[in-house]
Amino acid sequence: MPTPVIVEGMEDGKPFAKTVVASMKEAFKEEMLHFADCVQRGKTPDTTPEDARAMSALLHKIFHAIKRPLA
């Protein structure tokens, strides 16, 4: 599936939005392939365990901050 990115901004005082396809690759699959390569070759992953924990904690805070009761 393509990975769309919506770019929003202002131009000449008017808002605009345009969609750009960033990649045709699936992000989670690419991360898993990279991790498998690191394990097989003894490389250091781009994202360290500490980075992953920090990102998970941040996402947890964001989800709880926007959590709203169902109507």
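The values are calculated or read from the model by the stated rules, or taken from the named source; none is laboratory data. Owing to the predicted nature of the structure, the values given are computational and were not obtained by experimental measurement. Just the protein is used for accessible areas: all its heavy atoms, side chains included, with ligands, DNA and RNA removed. Shrake-Rupley method; radii C 1.70, N 1.55, O 1.52, S 1.80 Å.
What to note about this one:
- Considering (1) open to solvent by less than 100 Å² (accessible area, probe 1.4 Å); (2) at pLDDT 90 or above, the lone condition that Pro2 does not fulfil carries the number (2).
- Any hit, the stretch 34-46, residues being under 14 Å from the mean Cα position of the chain (by Cα) and open to solvent by less than 80 Å² (accessible area, probe 1.4 Å): no
- Of the residues Phe16, Phe63, the single one that is in a helix (DSSP H, G or I) and at negative phi is Phe63.
- Residues that are modelled with pLDDT of 85 or more and among the hydroxyl-bearing types (Ser, Thr, Tyr) were ranked within the stretch 19-46; the one that is farthest from Val5 (Cα to Cα) is Thr44.
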